[in-house]
Structure formats: C-alpha cells, structure tokens
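Accompanying notes for the structure given below.
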Amino acid sequence: MRDLSNDTALLSLNTATVREQWSLEEIIDGCSRHDIGGIAPWRDQVAICGLDEAAERIKDVGLTVTGLCRGGMFPAADAEGRQVALDDNRRAIDEAVPLDAACLVLVVGGLPAGSKDIGDARSQVFDGLSELLEYARARRMPLAIEPLHPMYAADRACVNTLKQALDICDKLGDGIGVVADVYHIWWDPELAEQIERAGQNGRLLAYHVSDWLVPTNDFLLDRGMMGDGVIDLKSIRAMVETAGYRGFCEVEIFSGRNWWKRDPDEVLKTCIKRHQTEV
Ligand code: ZN
C-alpha cells in the first residue's frame, strides 16, 4: 500500500467539503496554500466563478481535477423531462473537458415524481447512460457512475452497489467506470470482489473518502471526517490499491452541523492530517 504518512500530493479536495465557507476561487487558493494535489469542483460553483476562469485558476496552481460533480439524474416522469436531463448532462461534459477533469461524476437519479417503479427508474438510467456515453466518448470524457448508499435510492440514485454499477458498465463498454466512495459502499458484503472486478476492467475512476458516524443525525449532511466513524478506511484503500488504483484519495464531506461551521483552513489541515493517518 502506498505510504501517505507525509503525503499531500495524492489528496484531492471535493469542494463540497468547504462549500459553505468559501467560493471556488477561495477553495482553489486554499488547496494551493496547503499543497493539496487535487480538486473536484461542483458545477454550481464553477458556474459562479465562470468556466474559463475556473479552468485557468486551477491550471495556474497546478491542481489535478479528479472529477467534476456532477451529472446524472436521468429518470423523469415523461420524455420531455428525460430530454432536459440529457441536455444538461451534455453540458456537464462540455464543462468537464476544459477543466481537464479525470471524469464526470454521475449521481444517476431515483424515482420520478409520483412513481413507485424502481425497475423502471433503473431502466431509464441505463437508457440515459447509453445515450450520454456516445457524446462522452466523442469528447474523450470518462463517465463515472457513483453508486450511492441505498438510503438514497428514492431521491438520488437507484444504482446502489458497485456490482450494479459494474454490470451497467459491462453492458455499455468503453468510456464508463465507477466512483468508489467509502461512505456509500463500506457496508457491502461483496465489496472486496467488486473492487477487484472494477480494477481488472480498468473501471475504477475515482476514490472518495469520509466516514460513517454513529449515530448519523442527518442522512445527507452528517458525514464524518476520516477517522471519526466506523469505516475501515485502510482496509478499503488496500482493496482499491490491490485492484491497481493509483489515483487520488478525494475527501468529500457534507457536514452541516460540524465541518461546514468551522474555519476552512482548519478543515483543510484536518483533512490533510487524517489523510496521512487514517486513510
Ligand atoms: Zn462521492
């Protein structure tokens, strides 16, 4: 396993982690100040900064863009809604290219309003991915399906395990892979074999870290800092590295009660320390 004990170069900051305190410009400067090697911006922050400006600032300080967050949200109640989603996903690819993002992260979407048919939602996801993939391939932008914990199946993502995501990838072919985010997949009894499978097929495109707090007080906004919860982070990193992953460890923490209320420089210092000791 790679030695991270003095590392900051393999750490990437998902900008959600300090989004309440800092603008994208301030986050880029903060990463640079703390010698963090990578960044994964969100599209709304990029839009506020301006796409060209964001790309230039990120390049100027030498940050690697480990992913653009996010596309997806494919299912809709009608054909018009599905088309709106697809158009937005194409724009997301057009934004990811000038940012030189390693991948476009996809949160695939859940049930359309009024629906109880998760099978239908999943087939809409497959169809949306299939159509988007042609556009992504032509622009050489890898698509990265992020399976989310099943508690989000209704409203955010009806793809909930690595197996499910990799089965989709196998049907669709090249240009698509997965994000392994420990928060979403740590509980999976098939974790080791599915990570190995992802690695063998060259589909492990990003690795996201945080921690699962006990108790969790808010299903969306109570993610823990690495080391504060119950996820066996070192074991999971061993799995992804054994599977051939040599990319960044991207810290992604949505924390309305805690980390979003703290001094962002302190948050970054804590991310670095925990990256070096807990990840
Ligand atoms: Zn993630």
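Where a number appears in this text, it was derived from the coordinates with a stated rule and is not lab data. The shown structure was predicted, so the numbers you read here are calculated from the model rather than taken from an experiment. In this analysis, Cβ positions are derived from the backbone assuming ideal geometry, glycine residues included, and neighbour counts consider all displayed protein chains.
Per residue, the chain reaches -12500 deg cm²/dmol at 222 nm when only DSSP H runs of four or more residues are counted, each adding -39500 (n - 2.57).
Using all pairs of distinct alpha-carbon atoms, the Kirkwood hydrodynamic radius of segment 4-122 works out to 15.5 angstrom.
According to the Kirkwood relation over distinct C-alpha pairs, the hydrodynamic radius of segment 113-196 is 13.4 Å.
Annotation for segment 17-38 versus segment 155-197: alpha-carbon center distance of 29 Å.
Given the Cα-Cα distance of Lys234 and Asp88 and 0.36 nm per residue of separation, how much length would full extension add, in nm?
My answer for the length gained is 48.9 nm.
Ignoring lysines fewer than eight residues from Lys171 along the same chain, the ones with Cα atoms less than 26 angstrom from its Cα are Lys116, Lys163. Applying the Karplus relation 6.51 cos²θ - 1.76 cosθ + 1.60 with θ = phi - 60° to segment 240-252 yields 3J(HN,Hα) values of 5, 6, 4, 6, x, 5, 10, x, 7, 9, 9, 7, 9 Hz, where x marks Gly and Pro. Extending 7 Å from Cα along the Cβ direction at Arg33 and again at Glu134 yields two label points whose distance is 4.8 nm. All other residues whose Cβ lies under 11 angstrom from that of Arg262 are scored, Lys and Arg at +1 and Asp and Glu at -1, for a net of -1.
As a calculated quantity, the FRET efficiency between Ala9 and Ala79 at R0 = 45 Å, using C-beta atoms, amounts to about 0.45. Annotation: lysines with alpha-carbon distance below 16 angstrom to Lys269 (same-chain offsets under eight excluded): Lys261.
Taking label points 7 Å from Cα along the Cα-to-Cβ direction, Ala154 and Gln200 give a separation of 3.7 nm. Sequence-ordered 3J(HN,Hα) estimates for segment 152-157 from the Karplus curve with 6.51, -1.76 and 1.60 and θ = phi - 60° stand at 9, 4, 6, 10, 10, 7 Hz, glycine and proline given as x. Taking every Cα-Cα distance in the chain and sorting them into 10 Å bins from zero, the calculated P(r) comes out as 7, 31, 38, 22, 3, 0 percent.
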